[in-house]
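The values are calculated or read from the model by the stated rules, or taken from the named source; none is laboratory data. As the structure is a prediction and not an experimental result, all values here were calculated from the model. When we count neighbours, we look across all protein chains shown, and the Cβ atoms used for this are built from the backbone with ideal geometry, even at glycine. Quick note on the areas: whole protein, heavy atoms, side chains included, nothing else; ligands and nucleic acids left out. Shrake-Rupley method; radii C 1.70, N 1.55, O 1.52, S 1.80 Å.
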Amino acid sequence: MSCPQSCEEPMASLIRVDDSFEVPDTLPVVALRDLVFFPYMVLPLLIGRPRSVVSLDEAEQGDRLLLLVAQKDPDVEDPDPDMIYRVGTVVRVVQVTRLTDGTARVVMEGLGRARIQDFLPHLDRLRARIELFVEREAEDGTALDSSVEALARRVERLYEEYVRLNARLPDELLGTLTGTGDRVRMAHLMAGHLLIPAVEKQEILEGQGLNDLLTVLGEYVSREIEILRIEERIDRHVQRQIDSDRRELYLQEQLKAIQKELGSGEGESAELEIAVTAANLPPHARERAEREIGRLRRLSPVAPEAAVIRSYLDWIIGLPWNTRTEDNLDVAHAARILDEAHYGLSEIKERILDHIAVLSLVRDLQGPILCLVGPPGVGKTSLGRSIGTALGREFVRVSLGGVRDEAEIRGHRRTYVGALPGRVIQGMRRGRSRNPVFMLDEIDKLAVDFHGDPAAALLEVLDPEQNRSFTDHYLELEYDLSDVLFLATANTLAGIPEPLRDRMEVIRLPGYLETEKRIIGRRFLWPRQVSRHGLSEGQIVLPDDALDGIIQEYTREAGVRELERRVSRVARKVARKVASGDLSSTAPITIERSGLRELLGPPPYAPADRESRADRAGIANGLAWTAAGGEVLDVEVAVVPGTGKIHLTGTLGSVMKESAFAAVTFARARAVRFGLPSDFYQEMDIHIHIPEGATPKDGPSAGVTIAAALISALTGTPTDPDVAMTGEITLRGRILPVGGIREKAVAARRGGMRAMIFPAANTADLELLPEEVQEQMEFIAVRTMDEVLKAALVRDSLPREARSVHQLLGEAAGPGMHISQ
């Protein structure tokens, strides 16, 4: 019977193996222990189990055909049909030799694969109904599919390397296996001679077609080649070192080779002991390190715990337990370093110089924890680096912005995969000394979620009484942080929990004034940008007038970051013109203020004309505090005919809305004194608006400004355009203290204000103002709204009572006290 056009096909009853031989659809079955017989193989087997002998006798008496099938458990003596695989090989009995012990030595030739459909009922032997797979490779001369042919060639190449690497296989085997042009025959013979477990051979035997057969065979051959390569490397290494007369030495050397192959160095424990001794660890750390080395010796080098211990010991050895840098205690040197790197910031400079002076006297001063609070761009982070330079200490910076996991501060316990120490210990290792300047940047940006509160984890770090015994969860050892000079930076104290804030000495950095920005730009920013852009100071000139134009028309910030970006753009534009040949590279280039528009575009902050005094009825200048510094904030009030409604616009928060309602109530209560009908509010609507409506605003300090603008609108009296004000108002017109006086005063000076109205309870805050602000502005301390109206409204009958800063401070000091400038 002819074969269909597929590589394998089940036959219902008979199949012609060659031109003169057919196989019946039922055959006696012999179960094999731990052996899989493949087609085309010729092998001798010993058959001795009774049922197998009966099956052999039946085959001898008939057509000499048997079905050889592997049993699933080789330890079972007499397997039943459920313990036998369903796919086996049909073999022809070539020769039978009976031995004296009742067993038979049988030479068999594999003919093809077969699948058992079901077993026939026989008590003395196994017999099954089968379906055979006819496997051929284009006997009619047609070529294999190109993908199958490519797969066959790959398997052939792999098997050649496998035979070469495996000393148990003779080299002559290659000629037998690869010399045939039949790919099916080649695949079965390769599988039969592959030295792998019977379970894996059975998987190959059960392959559904030549492509599947070659794919599985290739995977196993590739795996065995990798194993043989490793064995070959190990054997070559061992053979060079072993003594054939000493087996124990052989095993030791082989173990060393295996450890080397797995990446474990020789003498690792001894090397770690030397490193621990050289690290000069404190007693408690040394004891822990020696205990961990002892554990490491008892573990296998490939054990996961060994890698954890090695990493742990690396961290202990790498930390600066006793290493410290020598402090430079020259106060004049420190002052010079700070002045060269930063302009202004006198308060923080004085605090650092005080610390250095005391340290020079006592030689052992517990490190303070300073918190620099100020708007972005005023130099908080760079100041920390300058402090480290002035002291001669290492500088370490750790950014805490967005940290929401307590383990980021205290570390993860070693039970977790990939555990590491927290950022504090990591920073100490980077600093390489136990007394660095350690900056905790953006401490107000810490977050809280289900992982814990990192701010709470910082309490021990920043407490001078506790940080000498700081314990990281990863190290589980006390580490002394008392010599560290901790610096923290924040834009606002609002995001810092009170217990953490209590552990720090807060130093506020106000925004820069225009004169300070001019000096910073001239001394620091412009020379740095000229150098970075390949220019020289003699090649390009930026006059003070042009620099003032950049400050006034192109920046509006408390710091100098935007100023540096604008200055950088000017240098970049000039460098481009020089590079393109539009400008001479030798002749000096002067940047005029009139040419800034060409270089920087239209000014976004061009000063707007203020309304004339006659047009300022219903508008007042307020002062607001933001994380970026103080701002001058206008408040507008319009009174229109209506039914007594109050409209509030400008994205106001709940507290600011309450201040607006309090101002309206105060105006209604004082209506008669202001010359208004007592029921004026019933016939008009009041609209209160704070410009820049897209920006959220909140807080009580706008109450005074809202009340002044409202009364100005109701009475038609204009407000003074050169006066700004801040303060919280009550229903009875009392003025309560507010925060941010320093930032607001700087903003008022930066905004061109001549005078500032503020609560009398905030008089002490004037001492912290920059000297320039104190000298160039008038400060009007008020206790009631009546005093505010006298100072803010332009009215001949209401003279303004303005006093200098020194007069106000003298009054606050009381009799017998004098506050000098």
Can you find a residue in the stretch 485-500 that is touching a helix residue (DSSP H, G or I) at 6+ places or on another chain (Cβ under 8 Å), open to solvent by 50 Å² or more (accessible area, probe 1.4 Å) and of a type in the set (D, E, K, R)?
-> no
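Tell me, which helices (runs of 4 or more DSSP H) wholly within the stretch 446-543 include 1 or more residues that are among the charged types (D, E, K, R) and within 28 Å of Tyr312 (Cα to Cα)?
Working: elements: 454-461, 498-502, 514-520, 526-532.
Once the helices (runs of 4 or more DSSP H) in the stretch 446-543 are filtered for at least 1 residues that are among the charged types (D, E, K, R) and within 28 Å of Tyr312 (Cα to Cα), what remains is 454-461.
Would it be correct to say that Glu465 is more than 29 Å from the chain's Cα centre (by Cα), under 22 Å from Pro436 (Cβ atoms) and free of Cβ contacts under 8 Å to residues at least 24 places away in the same chain? It would help to see each step written out before you state the result.
On the way: more than 29 Å from the chain's Cα centre (by Cα): yes; under 22 Å from Pro436 (Cβ atoms): yes; free of Cβ contacts under 8 Å to residues at least 24 places away in the same chain: yes.
Spelling it out, Glu465 is indeed more than 29 Å from the chain's Cα centre (by Cα), under 22 Å from Pro436 (Cβ atoms) and free of Cβ contacts under 8 Å to residues at least 24 places away in the same chain.
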Working only within the stretch 374-419, note down all residues that are within 30 Å of Phe450 (Cα to Cα) and of a type in the set (Lys, Arg).
-> Arg397, Arg404, Arg410, Arg413, Arg414
Residue ID - nearest to Leu111 (Cα to Cα), chosen from residues in the stretch 5-30 that are at pLDDT below 90 and crowded, with 18+ Cβ neighbours inside 10 Å = Val23
Identify all residues within the stretch 578-605 that are open to solvent by 60 Å² or more (accessible area, probe 1.4 Å) and modelled with pLDDT of 80 or more; write none if there are none.
-> Ala579, Ser580, Thr590, Glu592, Arg593, Ser594, Arg597, Glu598, Pro602, Pro604
Listed by first then second residue, the pairs whose first member lies in the stretch 152-170 and is touching a residue at least 24 places away in the same chain (Cβ under 8 Å) and more than 21 Å from Glu232 (Cβ to Cβ), whose partner is in a loop (DSSP other than H, G, I, E, B) and open to solvent by less than 50 Å² (accessible area, probe 1.4 Å), with beta carbons under 8 Å and at least 6 positions apart or on separate chains, are Ala152/Leu144
Can you name the number of the only condition in (1) touching a strand residue (DSSP E or B) at 6+ places or on another chain (Cβ under 7 Å); (2) within 25 Å of Arg561 (Cα to Cα); (3) at pLDDT below 85; (4) open to solvent by less than 40 Å² (accessible area, probe 1.4 Å) that Leu400 fails?
-> (3)
Return a yes/no flag: does the stretch 73-94 have any residue that is touching a Pro at 6+ places or on another chain (Cβ under 9 Å), more than 26 Å from Gln208 (Cβ to Cβ), open to solvent by less than 20 Å² (accessible area, probe 1.4 Å) and in a strand (DSSP E or B).
-> no
Spot the failing condition for Val378; the list is (1) in a loop (DSSP other than H, G, I, E, B); (2) surrounded by fewer than 21 Cβ atoms within 10 Å (Cβ to Cβ), and only one is missed.
-> (2)
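Could you check the stretch 48-64 and list, in sequence order, the residues that are surrounded by fewer than 20 Cβ atoms within 10 Å (Cβ to Cβ) and either in contact with a Leu (Cβ under 7 Å, 6 or more places away or on another chain) or in a helix (DSSP H, G or I) (or both)? Quick ask: steps written out before the conclusion?
Quick first cut of the stretch 48-64, residues surrounded by fewer than 20 Cβ atoms within 10 Å (Cβ to Cβ) only: 48-51, 53-54, 57-58, 60-64.
Correct list: Pro50, Arg51, Val53, Val54, Asp57, Glu58, Glu60, Gln61.
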Could you say which residue among Trp315, Trp321 is closer than 21 Å to Arg414 by Cα, assigned to a loop (DSSP other than H, G, I, E, B) and either in contact with a helix residue (DSSP H, G or I) (Cβ under 6 Å, 6 or more places away or on another chain) or modelled with pLDDT of 80 or more (or both)?
-> Trp321
Top-ranked residue of the stretch 327-360 - restricted to ones that are assigned to a helix (DSSP H, G or I) and among the polar types (S, T, N, Q), ranked as nearest to Glu505 (Cα to Cα) | Ser346
Could you tell me whether the stretch 416-424 includes any residue that is over 29 Å from Trp625 (Cβ atoms), in a helix (DSSP H, G or I) and open to solvent by 50 Å² or more (accessible area, probe 1.4 Å)?
-> yes
Being more than 17 Å from Leu210 (Cα to Cα), open to solvent by 30 Å² or more (accessible area, probe 1.4 Å) and in a strand (DSSP E or B) is the filter here, so list the residues in the stretch 108-135 that pass it.
-> Glu109, Gln117, Asp118, Phe119, Leu120, Arg127, Arg129, Glu131
Give the stretch 277-307 a look and list any residue that's open to solvent by less than 50 Å² (accessible area, probe 1.4 Å), modelled with pLDDT of 85 or more and in a helix (DSSP H, G or I), or say none.
-> Ala285, Arg288, Ala289, Glu292
Given (1) open to solvent by less than 70 Å² (accessible area, probe 1.4 Å); (2) at pLDDT below 85; (3) among the aliphatic types (A, V, I, L, M), number of the condition Ala608 does not satisfy | (1)
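Output the residue which, of all residues in the stretch 756-779 that are in contact with a Phe, Trp or Tyr (Cβ under 7 Å, 6 or more places away or on another chain) and aliphatic (A, V, I, L, M), is surrounded by the fewest Cβ atoms within 10 Å (Cβ to Cβ). Walk me through it before giving the result.
Taking the stretch 756-779 as the starting set, the residues that turn out to be in contact with a Phe, Trp or Tyr (Cβ under 7 Å, 6 or more places away or on another chain) are 756, 758, 766, 779.
Filter again for aliphatic (A, V, I, L, M), leaving 756, 766.
Values: Met756: 27, Leu766: 22.
The selected residue is Leu766.
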Restricting the search to the stretch 653-681, which residues are farther than 16 Å from Ala707 by Cα, modelled with pLDDT of 85 or more and either among the charged types (D, E, K, R) or surrounded by 16 or more Cβ atoms within 10 Å (Cβ to Cβ) (or both)?
-> none
